[in-house]
Amino acid sequence: MDRPAQRKENLNPAGTELTAAQRSNLWPLTARGYTAWRRVSLTMLAGHSFPLEREARLFRALCAPRPGEWWLDAGTSTGYYAALLADAGCRVLAADLSPAMLAQAAREHPNAAIDWAVLNVEHSDLPDARFDGVTVGATLNETHDPARFLRGAARVLRPGGQLWLMYVPRTAGPLQRVLAQPAAGGLTFPDPAWVARQLPGFTLTDGLTVGAVRFERHVRGV
């Protein structure tokens with residue numbers, strides 16, 4: 001199985017928009033501070049101590065990535081899931097629409113066997129059914145068109161492949177209503193049932209809600 005060549009795709013084709021949250025991720029200052037934010041964000045969302053090590057154990061226990069598997073980390077930011085997969089011996093394509101995030105990720109993981117690619121999964125020309133697994137860490141909340149993003153992630157998975165999602169689900173609370181406003185971030189907070197409807201042919205094998213954060217593992221039918 002050959003690796004896709006690293007490339008920079010058209011991230012904003014006609015008719016496509018970026019949310020304010022996505023645009024802020026293009027800034028080098030955001031990229032430099034992202035890992036520090038990532039270390040505390042789940043504790044804030046869960047309402048109790050939830051360190052990165054606990055998230056890593058949960059991911060490894062449910063997805064069990066194996067050496068030689070080929071994974072796409074969609075919306076990698078500074079490469080948290082990409083590094084976990086590389087440590088497990090997987091081949092990893094870590095994709096993000098922010099060159100600043102990818103540059104910071106490469107600095108933080110200089111020895112990891114990871115291919116870094118500037119691309120938008122909503123509009124990717126990656127081949128169908130190419131990957132054994134796809135990870136998505138919170139990008140589902142930030143992307144302009146979450147339904148299209150999920151279709152893009154599902155399309156590149158082989159039959160039997162697994163999709164791992166971490167996102168903040170809908171609560172209909174006042175803070176989410178504010179953050180959903182275009183000027184305040186343009187974030188989307190999907191309902192888990194809505195997410196499942198966007199993935200026809202997939203089976204939800206594991207779903208765990210911890211405070212205000214949701215983890216899901218979906219498997220594509222064979």
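Among residues belonging to the stretch 196-217 that are closer than 12 Å to L150 by Cα and in contact with a helix residue (DSSP H, G or I) (Cβ under 8 Å, 6 or more places away or on another chain), point out the one that is least open to solvent (accessible area, probe 1.4 Å).
Quick first cut of the stretch 196-217, residues closer than 12 Å to L150 by Cα only: 196-200, 202.
Filter once more, keeping what is in contact with a helix residue (DSSP H, G or I) (Cβ under 8 Å, 6 or more places away or on another chain): 198-199, 202.
Values: Q198: 43, L199: 4, F202: 35 Å².
The residue in question is L199.
Which one of these is assigned to a helix (DSSP H, G or I) and buried (at least 20 other Cβ atoms within 10 Å of the Cβ): A147, A153, A193? Show your work before the answer.
Values: A147 fails: buried (at least 20 other Cβ atoms within 10 Å of the Cβ); A193 fails: buried (at least 20 other Cβ atoms within 10 Å of the Cβ).
So the residue among A147, A153, A193 that is assigned to a helix (DSSP H, G or I) and buried (at least 20 other Cβ atoms within 10 Å of the Cβ) is A153.
Tell me which residues, restricted to the stretch 89-102, are surrounded by fewer than 17 Cβ atoms within 10 Å (Cβ to Cβ) and under 12 Å from G75 (Cβ atoms). Step through it out loud before you land on a result.
First, the residues of the stretch 89-102 that are surrounded by fewer than 17 Cβ atoms within 10 Å (Cβ to Cβ): 89, 99.
Hits for the stretch 89-102: nothing passes.
When you scan the stretch 103-114, how many residues do you find that are assigned to a loop (DSSP other than H, G, I, E, B) and either surrounded by fewer than 19 Cβ atoms within 10 Å (Cβ to Cβ) or under 14 Å from the mean Cα position of the chain (by Cα) (or both)? It would help to see each step written out before you state the result.
Taking the stretch 103-114 and keeping what is assigned to a loop (DSSP other than H, G, I, E, B), we get 109-113.
So of that shortlist, the ones also either surrounded by fewer than 19 Cβ atoms within 10 Å (Cβ to Cβ) or under 14 Å from the mean Cα position of the chain (by Cα) (or both) come out as 110-113.
The qualifying residues number 4.
Being at pLDDT 95 or above and in a helix (DSSP H, G or I) is true for just one of A129, A117, A100, A94. Which residue is that?
Details: A129 fails: in a helix (DSSP H, G or I); A117 fails: in a helix (DSSP H, G or I); A94 fails: in a helix (DSSP H, G or I).
The unique qualifying residue is A100.
For the stretch 71-86, what are the residues that are under 14 Å from E55 (Cβ atoms) and either surrounded by fewer than 24 Cβ atoms within 10 Å (Cβ to Cβ) or free of Cβ contacts under 8 Å to residues at least 12 places away in the same chain (or both)?
Once the filter is applied, which keeps residues that are under 14 Å from E55 (Cβ atoms) and either surrounded by fewer than 24 Cβ atoms within 10 Å (Cβ to Cβ) or free of Cβ contacts under 8 Å to residues at least 12 places away in the same chain (or both), the stretch 71-86 yields A83, L84.
Given the structure, is A172 of a type in the set (A, V, I, L, M), outside any strand (DSSP E or B) and modelled with pLDDT under 95?
Working: of a type in the set (A, V, I, L, M): yes; outside any strand (DSSP E or B): yes; modelled with pLDDT under 95: yes.
It is true that A172 is of a type in the set (A, V, I, L, M), outside any strand (DSSP E or B) and modelled with pLDDT under 95.
Is it fair to say L163 is open to solvent by less than 10 Å² (accessible area, probe 1.4 Å) and at pLDDT below 95? Reasoning before the result, please.
Details: open to solvent by less than 10 Å² (accessible area, probe 1.4 Å): yes; at pLDDT below 95: no.
Answer is no for this residue.
Being acidic (D, E) and surrounded by fewer than 22 Cβ atoms within 10 Å (Cβ to Cβ): is that true of D128 here?
So D128 passes the test.
Out of L140, L150, L163, which single residue is in contact with a His (Cβ under 7 Å, 6 or more places away or on another chain) and closer than 24 Å to L85 by Cβ? Before you say what the answer is, go through the steps one by one.
On the way: L140 fails: in contact with a His (Cβ under 7 Å, 6 or more places away or on another chain); L150 fails: in contact with a His (Cβ under 7 Å, 6 or more places away or on another chain).
None of the others qualify; the one that does is L163.
Farther than 24 Å from R217 by Cα, in contact (Cβ under 8 Å) with a residue 60 or more places away in the chain and of a type outside the set (S, T, Y): is that true of Q104 in this structure? Explain how you work it out, then say what you get.
Working: farther than 24 Å from R217 by Cα: yes; in contact (Cβ under 8 Å) with a residue 60 or more places away in the chain: yes; of a type outside the set (S, T, Y): yes.
Judged against the criteria, Q104 is a match.
On the basis of being open to solvent by 40 Å² or more (accessible area, probe 1.4 Å) and at pLDDT below 95, does G47 make the cut?
Spelling it out, G47 is indeed open to solvent by 40 Å² or more (accessible area, probe 1.4 Å) and at pLDDT below 95.
For the stretch 58-70, which positions are more than 17 Å from R214 (Cα to Cα) and open to solvent by 10 Å² or more (accessible area, probe 1.4 Å)?
The answer is A64, P65, R66, P67, G68, E69.
Tell me which of these E55 doesn't satisfy, since it passes every other one: (1) part of a helix (DSSP H, G or I); (2) open to solvent by 10 Å² or more (accessible area, probe 1.4 Å); (3) not basic (K, R).
(2)
The values are calculated or read from the model by the stated rules, or taken from the named source; none is laboratory data. A quick note: this is a predicted structure, and the numbers were derived from the prediction, not measured. FYI the Cβ positions are ideal-geometry reconstructions off the backbone, even for glycines, and counts take in every protein chain you see. Side chains included, ligands, DNA and RNA excluded: accessible areas come from the protein's heavy atoms. Shrake-Rupley method; radii C 1.70, N 1.55, O 1.52, S 1.80 Å.
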